[in-house]
Amino acid sequence: MNTKYPEIEVELVGQDGNAFAVLGAVRKELRRNDVSDKEIKEFFDEATAGDYDHLLRTVMEWVTVF
């Protein structure tokens, strides 16, 4: 799997695992790393297009998760 932004790291282990918390954590790091609003919207559209497993797979395709 190729990660779109491997240099952006998001800690999810030990954090609240609900979908809104995951999306918020990723959004925060994308913004902190100057990812464009257009790409953040693209991430959100893809991440929310399915179930929770789809959300997590999408997150791992975009950023490094630990």
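Please treat every number below as a calculation from the coordinates, not as lab data. Only a predicted model underlies this, so the values are computations on that prediction, with no experimental measurement involved. When we count neighbours, we look across all protein chains shown, and the Cβ atoms used for this are built from the backbone with ideal geometry, even at glycine.
Which ones in region 6-31 are of a type outside the set (A, V, I, L, M) and over 10 Å from the mean Cα position of the chain (by Cα)? Walk me through it before giving the result.
If we filter region 6-31 for residues that are of a type outside the set (A, V, I, L, M), which is where we start, we get 6-7, 9, 11, 14-18, 20, 24, 27-29, 31.
Hits for region 6-31 are P6, E7, E11, G14, Q15, D16, G17, N18, F20, R31.
Figure legend. Inter-residue proximity from region 42-66: first residues farther than 12 Å from Y5 by Cβ, second residues of a type in the set (K, R), beta-carbon distance below 8 Å, spacing 6+ or different chains. Indicated pairs: F44/R27. In this structure, does D34 turn out to be part of a loop (DSSP other than H, G, I, E, B) and surrounded by fewer than 13 Cβ atoms within 10 Å (Cβ to Cβ)? In short, yes. When you scan region 12-31, do you find a residue that is touching a strand residue (DSSP E or B) at 6+ places or on another chain (Cβ under 9 Å), surrounded by fewer than 12 Cβ atoms within 10 Å (Cβ to Cβ) and in a helix (DSSP H, G or I), even just one? Within region 12-31, one or more residues are touching a strand residue (DSSP E or B) at 6+ places or on another chain (Cβ under 9 Å), surrounded by fewer than 12 Cβ atoms within 10 Å (Cβ to Cβ) and in a helix (DSSP H, G or I). Here T64 fits the description: assigned to a strand (DSSP E or B) and hydroxyl-bearing (S, T, Y). Of all residues in region 9-21, those that are under 14 Å from L56 (Cβ atoms) have Cβ atoms under 9 Å from Cβ atoms of residues that are of a type in the set (D, E, K, R) and loosely packed, with under 12 Cβ neighbours inside 10 Å, 6 or more apart or on another chain, in V10/K28.
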